[in-house]
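Derivation of every value follows stated rules applied to the coordinates shown; laboratory data play no part. This one's a predicted model, so the numbers in the text were calculated from it and none came from an experiment. Note that we place each Cβ from the backbone using ideal geometry, even for glycine, and neighbour counts take in every protein chain shown.
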Amino acid sequence: MMKLLKMMLLGVSIALLFAGCATTKTADTSSDRQDILYTCDCGPQCKCNTVSTSPGNCACGKPLKWGHILAVEGNEVVLCQCNEGCQCKGLDPKDPSKCMCGNPVKRVNLEGTGIYFCNCGGSCKCNTASDKAGKCKCGMKLKQIK
């Protein structure tokens, strides 16, 4: 009986590890994370390009959508916008238009948004974003594109 229970727990642990995203917030809340951005989710026709490090409304008046940074490519961040609190670690290796959760990613150009971000390049994946100047988790100076 104990062996069966251990196998079941191992199976659940593995499933959660591969899923990466939880349907509810985990202990690692948005306020503890430095990879969270809130963006306008009004659709491609909207050009307000509202981006914030905290929840609120976009210039259009609609609520900003939560997302976490998966990658930084030049001045652009790639966001996973599935369930708030998601912890997936990257892009789907078979389809870079999706995150590891299987949801489409959103690409946001940070130029002119006032957001500071880590763009240290290479294999660094610290994905730090801030509304203030400072350093990212890897120790590099945060960058802002005016």
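Which value, to two decimals, describes the C-alpha radius of gyration of segment 20-114 once divided by 2.2 N^0.38 Å?
So the Cα radius of gyration is 1.03 times the expected 2.2 N^0.38 Å.
For the pair segment 36-80 and segment 95-146, the centres of their Cα atoms are 12 angstrom apart. A simple spin-label model places the labels of Asn109 and Asn57 2.7 nm from each other, with each point 7 Å out along Cα-to-Cβ. Here the gap between Ala133 and Ile145, fully extended at 0.36 nm per residue and compared with their Cα-Cα distance, gives a gain of 3.1 nm. Cross-link check: pairs Lys47/Lys146; Lys98/Lys146; Lys47/Lys106; Lys106/Lys146; Lys47/Lys89; Lys98/Lys135 evaluated at a Cα-Cα cut-off of 25 Å; pairs beyond the cut-off: Lys98/Lys146; Lys47/Lys89; Lys98/Lys135.
Could you grab the relative contact order for segment 84-146? Cα pairs under 8 Å, six or more apart, rounded to a whole percent.
Numbers: 87 pairs, mean separation 16.1, N = 63.
Relative contact order comes out at 26 percent.
Counting alpha carbon pairs within less than 8 Å and at least 6 residues apart, what relative contact order, in whole percent, applies to segment 20-114?
Worked out over segment 20-114, it gives 28 percent.
Tell me the net charge near Lys65. Cut-off is 10 Å between Cβ atoms, Lys65 excluded, with +1 for each Lys or Arg and -1 for each Asp or Glu. Surrounding charge for Lys65 is 0.
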